[in-house]
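First comes the structure, then the notes that go with it.
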Amino acid sequence: MARARYKQLVDAFASDIRSGVLAPGTRLPTHRELAAREGLALVTASRVYAELEAMGLVSGETGRGTFVRETALPPAQGVDQLATATGTLDLNFNYPSLPGQAELLRGALRQLASSGDLEALLRYQPHAGRPHERAVVARYLASHGLAVESEQVLMVSGAQHGLAVAAMALLKPGDVVATDALTYPGFKVVADAHGLELLAIPLTPQGPDLAAFERLCRQRRVRAVYAMPTLHNPMGWVLDLAWRRRLVAIAREQRLLIIEDGAYA
């Protein structure tokens with residue numbers, strides 16, 4: 001009977017969350033409040049929330065409580081984002097996964113709210129980004145071995161926007177761009193929109209076949225290569241330094257542009 005009651009509560013919460021009765025961000029009763037309200041043992045109340053969290057419907061935050069998660073985007077927003085259980089490998093999208101990343105974001109937002117020129121953020125921004133922000137990124141790149149002037153840095157609204165800007169600035173309709181035989185669908189959309197021809201690089205179990213890529217460059221007039229060596233979408237590869245150096249060497253020899261999608265690098 002106790003198990004039936006526990007399952008009924010899980011099902012009731014799940015139904016209310018999925019139907020929108022409990023909106024995303026709603027703070028649920030504490031474990032003790034739920035136990036007192038429903039006449040349950042504290043361990044049973046905790047089990048109800050644990051199962052809801054495993055279903056991807058709520059998130060528990062130490063010291064703050066249990067909150068309803070955002071499980072779907074409104075229709076026509078371009079992405080249908082379904083809740084996944086904790087520990088599930090969801091191959092629909094690549095997501096950064098860092099321990100405590102929610103708290104890192106919370107801290108950064110607090111710093112933003114308590115300092116800086118917030119008034120400036122309410123106005124239209126320069127198309128390439130604000131000069132001091134571009135300088136910050138340039139210094140960061142320089143510390144990692146890529147010396148660029150701040151004027152060469154563009155601030156973009158996400159990777160898809162950056163890919164579109166790169167295609168418009170560096171390529172023209174009809175250009176041939178080599179890319180992995182299985183590659184990020186967003187880049188295929190960019191190529192289609194800008195009239196680019198994609199040339200497939202065969203894959204091996206370890207990564208894209210660079211020997212085959214060299215042969216393709218001898219057969220076709222390739223203008224650029226699109227690569228995602230860190231957390232490849234959809235293969236999940238993180239390719240080693242030797243592979244990256246060889247790709248650079250081929251690009252220099254063939255005088256190719258490299259478009260590196262390093263959103264998670």
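Between ARG252 and ALA102, take the C-beta separation as r, use R0 = 41 Å, and let me know the FRET efficiency to the nearest 0.05.
My answer for the efficiency is 0.45.
Calculate, for ALA193 and ARG244, the FRET efficiency according to 1/(1 + (r/R0)^6) with r their C-beta to C-beta distance and R0 22 Å; round to the nearest 0.05.
0.20
Roughly how tilted is helix 159-170, in degrees to the nearest 10 and between 0 and 90, from the longest Cα axis of the chain?
Around 10 degrees separate the two axes.
Where Lys and Arg each count +1 and Asp and Glu each count -1, what net charge lies around ARG223 among other residues with Cβ under 15 Å from its Cβ?
After counting each charged neighbour, the total is +3.
Quick one: work out Rg over Rh on the C-alpha atoms of the chain, Rh as Kirkwood radius.
1.07
Rounded to two decimals, what is Rg over Rh for segment 2-68 when you use alpha-carbon atoms and the Kirkwood radius?
In segment 2-68, Rg relative to Rh is 0.93.
What's the longest bit of the chain with no exposed chymotrypsin sites (Phe, Trp or Tyr not before Pro), using DSSP loop states and at most 13 other Cβ atoms within 10 Å as the test?
That would be 125-265.
Taking the simple approach of a point 7 Å from Cα along Cα-to-Cβ for both SER114 and ARG215, what is their distance in nm?
6.1 nm
How high is the relative contact order of segment 2-68, in percent, with contacts defined as C-alpha pairs under 8 Å that are six or more residues apart?
38 percent.
Calculate the length of the line joining the C-alpha centroid of segment 192-265 to that of segment 143-170, in whole Å.
So the separation of the two Cα centres works out to 18 Å.
Among the trypsin sites (Lys or Arg not before Pro) within segment 162-265, which fall in a DSSP loop and have no more than 12 other Cβ atoms within 10 Å of their own Cβ?
ARG220, ARG221, ARG255
In whole Hz, what ³J(HN,Hα) sequence does segment 122-133 give by Karplus (6.51, -1.76, 1.60; θ = phi - 60°), x for Gly and Pro?
7, 9, 4, 9, x, 4, 8, x, 6, x, 5, 6
Summing -39500 (n - 2.57) over the DSSP H runs of n ≥ 4 in the chain and dividing by its residue number, what mean residue ellipticity at 222 nm do you reach, to the nearest 500 deg cm²/dmol?
Computed ellipticity for the chain at 222 nm equals -13500 deg cm²/dmol.
Report, for the chain, the % of DSSP beta bridges that are antiparallel, rounded to 5.
40 percent
Under 5 Å between amide hydrogens, which residues at least 5 positions from LEU198 or on another chain qualify, with H placed 1.01 Å from N in the peptide plane?
Here VAL177 satisfy the definition.
Every number in this text was worked out from the coordinates using simple rules, so none of it is lab data. Note that this is a predicted model, so its numbers are computed, not measured. Quick reminder, even Gly has a Cβ in these numbers, built from the backbone with ideal geometry, and neighbours come from all protein chains shown.
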